[in-house]
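What follows draws every value from the coordinates through simple rules; no lab data is involved. What you see is a predicted model; the values in this text were computed from it and never measured. As a convention, Cβ positions derive from the backbone with ideal geometry for all residues, glycine included, and neighbour counts pool all protein chains shown.
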Amino acid sequence: PQAAGEGNPYPAGQPFPQQRAASAPAPVAYPGSGPQYPPQYPMQYPMQYPMQYPMQYPMQYPARKSGSRGLVIGLVIIGGGGVLLVVVVLALAAIPLITSGGIDDSGPWHHYRSDTGRFEIEFPQKPTENSQPLQMQHARTTIYRAACTGFAINFEASYFDLGEGSPDEYEYDYEEGARAVANASKGTIRSQNSRSVGGYQGSIAILDLPKDRRTTLFMLRVYNRVHLLAVENHLVSKQDVADRFIDGFRLIQVQEGQSVVNQLTPWRRAGNTWTTKSSFGRAGDPGASVSFVRNEVLTVSNKVAHCRMTTLDKLGIKISEQDHEVSLVWQEHMAPESNPNNAGLIRSRETITVKAGTFDCEKIVYPLGTTTWTCLKSGLLVLTESETARHELVETNLPH
């Protein structure tokens, strides 16, 4: 790596190539590949896929085929005393999304889990996966993608690794990343705010594009890995759809023996139901108090689930019924580690069988003696045991 300021083509604090004076090298057009970079928005559908991109450094902006889609992410990585500008093109898969009335934020979505990427998220439909080599100055890596496209809206969840060694060797600049995307798409940054996931600080940016369009972008660095989420070229009126996609992102198995379960997943789809049996009293006590609680998601809108909770006695006779709302915005206090009383909790993975079926679970043993099993796929609390209480899932229509 070059030392800072010594022949560095992208010195710190300088504008990106597309902002520079005419004396800067012009973007390269590859023969037969169509218009020069940057692409024009709004882009036409359908696109041609897959697309090949030369990955030489310093990376030239590749031309796109007419009608292609893709989001250009500008990454500023500092290492070895120099500033490296890496341009990553998020090549979104062109998959027609057949849904009457278009994409909305209340219907059923496809739950996607990447064990290798250590994350999970919900797509409007089942995404396709692909990968592409990425050549950086200091290393060669691979960017992995899951993506789907429909009604001129592109959804993508991508990740790549900066390299080996200590995380202190690399620095990732969220503001420069959002600025590069805005410049490439001829847009402006409407807002950019911090967003934490699993205790890691990320950044969410909303970009205004021409013709009443937006791009919503989320960037998150976890040690030497960078996650990129994008809802590209969506209508301003579809911000709730973009928010649902971003809000559904969760980390899993961030470190060995540690994982994060999405506890909000059960509440995100109208029609979801589950029933839990609660027994209060010491184990084996014939006089233990027994009751049932049935939860049903009635509607989902504007980041809120409208639900109904019905309480029944041990014979199944209804005692009470109450409608309430559940916020679908993740709060860091929901994570068990956020409670100082839970210091030293023990996580593991275990498959258990209860009356509702067999579930692959995250098991957590808390310092005060309570143990929980939560379904890794659905986010449902399957079983909770303590010295004086037991809560068991006895019925659900959620897949597991």
Filter on LYS277/LYS314; LYS126/LYS363; LYS126/LYS377; LYS314/LYS377; LYS238/LYS303; LYS186/LYS211 - keep pairs with C-alpha separation over 20 Å: LYS126/LYS363; LYS314/LYS377
Spin-label pair LEU298/LYS355, simplified geometry with 7 Å Cα→Cβ offset, distance in nm: 2.6 nm
Virtual spin-label span in nm between GLU325 and ARG113, 7 Å along Cα→Cβ: 3.1 nm
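May I ask for the net charge around TYR174, where only other residues with Cβ less than 14 Å from the Cβ of TYR174 are counted and Lys, Arg are +1 while Asp, Glu are -1? Could you put the intermediate results ahead of the total?
Working: positive: ARG179, ARG195, ARG221; negative: GLU171, ASP173, GLU175, GLU176.
Residues close to TYR174 contribute a combined charge of -1.
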Computed label-point distance, nm, for sites ARG390 and TYR200 using a 7 Å Cα→Cβ extension: 3.8 nm
Label point at ILE189 placed 7 Å out along Cα→Cβ; residues across segment 210-254 whose backbone nitrogen lies under 13 Å: 217-219
For VAL197, distant residues with modelled amide H under 5 Å away: GLY202
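Between ASP313 and GLU175, what FRET efficiency follows from the Cβ-Cβ distance if R0 is 60 Å, with the result rounded to 0.05?
Working: r = 57 Å, r/R0 = 0.95.
It comes out at approximately 0.60.
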